[in-house]
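This report refers to the structure that appears directly beneath it.
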Amino acid sequence: MTRSTGEPVVVSRRIEAPAGNIFRILADPGRHADLDGSGMLRGGVCGAVVSGVGDVFVMRMHYARYGDYEMNNHVVEYELDRRIGWEPRPGRGHPDATASGAAWGHRWIFDLVPDGAGATVVTEIFDGSRMPEDKRAEVDSGRAWWQTHMTSTLERLAELCAAR
């Protein structure tokens with residue numbers, strides 16, 4: 001096995017909406033299935049909106065390899081209208097839910113940088129630098145797959161903002 005670099009997968013897009021409007025969508029797990037470019041998200045389990053570091057939101061998921069399951073997303077970064085990030089951990093129905101070391105340490109992060117009047121550059125980041133080497137290698141092998149889905153997610157986010 002070759003050693004992976006653990007470099008984050010990063011995709012950016014300029015969206016014609018203020019950062020605050022975009023952040024409200026990202027902080028609402030009930031909206032995540034609407035913007036998901038991977039097709040894996042099925043919806044939030046609870047209607048609570050993320051309000052800060054330490055919050056946990058649960059998402060219903062589907063992946064052919066695992067079937068239906070849940071992921072417990074621990075909010076680890078939160079700067080109102082600027083940055084939000086979470087570390088997913090296997091939840092109910094996931095084959096690794098009770099395994100030790102099931103939390104891989106990867107993060108999904110969204111950075112928002114205002115860009116002129118009423119526009120924002122949104123950067124989605126998949127940071128696998130904290131993942132075990134074998135899991136990091138799997139992600140690096142699927143880098144193009146992640147980039148495609150992240151690009152789709154930002155396209156959907158732009159469409160949601162335009163529809164407001």
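The values are calculated or read from the model by the stated rules, or taken from the named source; none is laboratory data. Model, not experiment: these values are computed from the prediction. Note that each Cβ is placed from the backbone with ideal geometry, even for glycine, and that neighbours are counted across all protein chains shown. Please note that ligands, DNA and RNA were not included when accessible areas were found on the heavy atoms of the full protein model with its side chains. Shrake-Rupley method; radii C 1.70, N 1.55, O 1.52, S 1.80 Å.
Listing for the model above:
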read-out: Accessible carbon and sulfur surface of the stretch 1-123 relative to its total accessible area, %, 1.4 Å; value: 50 percent
read-out: Simple Cβ-charge dipole of the chain, Lys/Arg +1 and Asp/Glu -1, about Cα centre, in debye nearest 20; value: 160 debye
read-out: At least 27 Å along the helix axis (C-alpha) and Kyte average at least -0.5, DSSP helices within the chain; value: 143-163
read-out: Size of electric dipole in the stretch 4-63: Cβ of Lys, Arg +1 and of Asp, Glu -1, about Cα centre, debye, nearest 20; value: 100 debye
read-out: Residues of the chain: accessible area per residue with a 1.4 Å probe, Å²; value: 50 Å²
read-out: Signed unit charges on C-beta, dipole axis of the chain, positive-most listed residue ILE125, GLY20, LEU160; value: LEU160
